[in-house]
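Quick one: this structure, given as structure tokens, is what I'll be asking you about.
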Amino acid sequence: MDVRDIIKVTVISLGLGLGLGACASGPSGAGGDDDTTNATDCSALMGIPAGDDPAVIDDLEDGDEGISENGSRVGAWYSFNDATAGGMQEPSDAVDFKPSMDSACGMYAARTHGKGFKEWGAGIGLDLNAPTPAMGQPELRLKYDASQYTGIAFEAKGNVSIRMQIAEIATLPMMEGGSCVPGTMDGMMCEDGFGKVVALSAGWKTYQLPFAELKQEGWGWPVTFDAKTLTGLQFSCLQNLDFDFSIDNVRFY
Ligand SMILES: [Ca+2]
């Protein structure tokens, strides 16, 4: 942690302590970073506690793996990867997801880093409607109606490009609660959700992705995007990368 970070942390702490917009240093910033012109405007994001805004999916500020329990959503963050032998990802997909203390605004964000994945890569995701199943029942991902919204917004930073992808009933395998029958050939796979690639940078930036701009990649069953049947979101990077990226303030807009 250099001096600038210590100053930042102090500003954040003061901002939180006083109930003011934390890290609201404004577009001019104090650090002289290259990204200040597109820097995240925390003053706009910190004014409304996540629990009071039905559009906020999660700001990570409760420090746990569960998303914000508002907007009738219930689910958790998780890590995933292509399971290459020797691949390393933190947080591991074998344990409950843990937020990191390096945030766009506030205290916590969802960070993942790792290397050694050679098939298709790794990432982190969250479910929008996955209630804890009753004893003995399978864990299913249920649909969430987001048709009142235009798209997904979030803050992110990192050393790679990531693809934000939406899971919906039509791309979710049947065994997980979807309607997709997994095939074995190209063009007949499940989980080819609608998404878009964005290039990240070293400083936090705000990304806003309208549903209308999202596309499937083409290796799975072609389906129709239906904002009434979303099951989750994923943020992933490709294979053969030494990756480190963070996501915060995931929200509908
Ligand atoms: Ca946060």
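This table checks each residue for (1) buried (at least 18 other Cβ atoms within 10 Å of the Cβ); (2) within 16 Å of the ligand (Cβ to nearest atom).
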| site | (1), (2) |
| --- | --- |
| 111 | yes, yes |
| 135 | no, no |
| 162 | yes, no |
| 204 | yes, yes |
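How about the stretch 59-84: which of its residues are within 22 Å of residue 148 (Cα to Cα) and of a type outside the set (Lys, Arg)?
Residues satisfying the conditions are 59, 67, 68, 69, 70, 71, 72, 74, 75.
Hey, another quick one. Identify the residue in the stretch 77-109 that is assigned to a strand (DSSP E or B) and away from the ligand (no atom under 16 Å from the Cβ) and, among all such residues, is farthest from residue 248 (Cα to Cα).
88
If residue 182 satisfies every condition in (1) at pLDDT 95 or above; (2) touching a helix residue (DSSP H, G or I) at 6+ places or on another chain (Cβ under 9 Å) but one, which is the exception?
(1)
The values are calculated or read from the model by the stated rules, or taken from the named source; none is laboratory data. Quick caveat, the model's predicted, so the values are computed rather than measured. No Cβ is skipped: glycine too gets one built from the backbone with ideal geometry, and neighbour counts run over all protein chains shown.
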